[in-house]
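The values are calculated or read from the model by the stated rules, or taken from the named source; none is laboratory data. Just so it is clear, the structure is predicted and the values come from calculations on it, not from any experiment. Because the Cβ atoms are built from the backbone with ideal geometry, glycine has one as well, and the counts that use them run over all protein chains shown. Areas reflect the complete protein model, heavy atoms only, side chains present, ligands, DNA and RNA absent. Shrake-Rupley method; radii C 1.70, N 1.55, O 1.52, S 1.80 Å.
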Amino acid sequence: MADTTAKRETDSNETMDLSQKTKRPKFDNENGRGEAEFQPNILSEFKTIKVLSDSAREKNIFVHGKLADKEAVVILEKTPIREDVLSELFTGSKLKLDMKNDIYSTYRLQAPAHLNEIKTTVVCPATEKHVKKYQRQESSLVEETGDDYRSITLPYIEKQSFSIQWVYNILEKKAEVDRIVYEDPDPDVGFLLLPDFKWDQKQVDDLYLIAITMKKGIRSLRDLTSEHLPLLQNIFNKGKAEILQRYKLPASKLRVYLHYQPSYYHLHVHFTKLGYEAPGVGVERAHLLADVIQNLQADPQYYATRTLYFPLRADDGLLEKFKEAGKL
Ligand code: DD3
């Protein structure tokens, strides 16, 4: 028993080392650790209104506030401690003793500034939707038949003005150009592969990439039919191949899936490392791409017709619509 565990840990460490080696040069030349330029600190005038949520376990906090009179959401998150900085951490830090008891002692270690960074995401101007999104909320599981989708969900999402300008900015190379990991420009089956916002690319342990389809107008899983199989196969195959080449992670270490409901209605596929519990990996929201492909092969109208289940937050306008229709 103990032997297999030890073996497995060694294996994963080796995978990690390989990926670090291939990845390091690229990221260090760009905006890898410490080398990015300092910006004027716009956050110095951030006025906190409310802490929307926080998690001691995830070591993050979501704060609603104002930035120069505009509504803003700021997300702060401590990042994992990387093996490749350990020696610098041990040699370059200051230690304060907290307590000592027998063979046990605890300290507060003050790391050098460049090893003590906090991943920070700013949404500004933030809409009420952004503020609500990060407010801790209870969820309810909704049962959506194909008819419910067409009579309740579709009219609701069409009426909403969820802005996906940021997606178009990526597709039109107006933003995040230097973050693109892979591009297949084909207008029908093409896609862009790039790191999701949630991933700082410093370690592969929490790898999180998204494939965004070139084709516009495929809103979600519900729009998929067998006609999209070449697109889905293409994303699956080329996405996995690129991640193997660039990050040395084989397909057996990846979780490749779609969300339903998605957080934005332009078709995209999530690639996360197996074992990394990214938000939204639960069975109530994640649909494995491999399953989606098989289901469409078996029934071209699978996702247009099947009952799908998903959680909605208490303050979600769509939940209200399901209640009004007597479905909850
Ligand atoms: C979003 C879902 C959306 C707040 C936050 C994120 N990956 C993105 C803009 C650019 C991106 C993403 C909405 C928005 Cl923190 C509100 O996500 C994005 N770029 N997930 C990348 N690469």
Taking the inverse of the average 1/r across all pairs of different Cα atoms in the stretch 201-328, what Kirkwood radius in Å do you get? 15.8
Using the Karplus equation 6.51 cos²θ - 1.76 cosθ + 1.60 (θ = phi - 60°), what ³J(HN,Hα) coupling, rounded to whole Hz, does each residue of the stretch 269-283 give in order, writing x for Gly and Pro? 10, 9, 10, 10, 6, 4, x, 8, 7, 5, x, x, 8, x, 4
Rounded, prolate or oblate: which one fits the chain, using the alpha carbon gyration tensor with axes a ≥ b ≥ c (rounded when a/c is under 1.5, else prolate when a/b beats b/c, else oblate)? prolate
Leaving out ligands and nucleic acids, and using a 1.4 Å probe, what accessible area per residue does the chain come to in Å²? 58
Running a GNM on the chain with Cα contacts under 10 Å, which residue among I243, I180, I42 ends up with the highest mean-square fluctuation? I42
Under the Kirkwood approximation applied to all pairs of distinct alpha-carbon atoms, what is the hydrodynamic radius of the stretch 279-327 in Å? 12.8
For the stretch 48-119, what is the relative contact order in percent, using Cα pairs closer than 8 Å and at least 6 residues apart in sequence? 22
In order over the stretch 103-111: 3J(HN,Hα) from phi, Karplus 6.51/-1.76/1.60, θ = phi - 60°, whole Hz, x for each Gly or Pro, gives 8, 10, 8, 10, 9, 10, 9, 9, 6
Express in nm, to one decimal, how much length is gained between E158 and K323 on full extension, taking 0.36 nm for each residue of separation and deducting their alpha carbon distance. 57.5 nm
Please return the longest stretch of the chain lacking exposed loop sites, where GluC sites (Glu not before Pro) count only if DSSP places them in a loop and at most 15 other Cβ atoms lie within 10 Å. 177-276
Using Cα pairs closer than 8 Å and at least 6 residues apart in sequence, work out the relative contact order for the chain, in percent. 17
Unit charges on C-beta of K, R, D, E only; dipole of the chain, Debye: 480
The stretch 129-224 - Kirkwood radius from inverse mean 1/r over Cα pairs (Å): 16.1
As I understand it, the value is the acute angle between the Cα axis of helix 289-298 and the longest principal axis of the Cα atoms of the chain; what does it come to in degrees, rounded to 10? 20
Any idea of D84's accessible area? Nearest 10 Å², probe 1.4 Å. 70
Using only the C-alpha atoms of the stretch 152-200, find the volume of their convex hull and express it per residue in Å³. 120
Looking at the chain as a GNM with Cα springs under 10 Å, which of S161, S151, S105 has the largest mean-square fluctuation? S105
Determine the share of the chain's accessible area contributed by carbon and sulfur atoms, expressed in whole percent, with a 1.4 angstrom probe. 52
Take the chain, connect every pair of alpha-carbon atoms lying under 10 Å apart with a spring to form a Gaussian network, then pick out the residue of L193, L95, L76 with the largest mean-square fluctuation. L95
Tell me the net charge near I75. Cut-off is 10 Å between Cβ atoms, I75 excluded, with +1 for each Lys or Arg and -1 for each Asp or Glu. +1
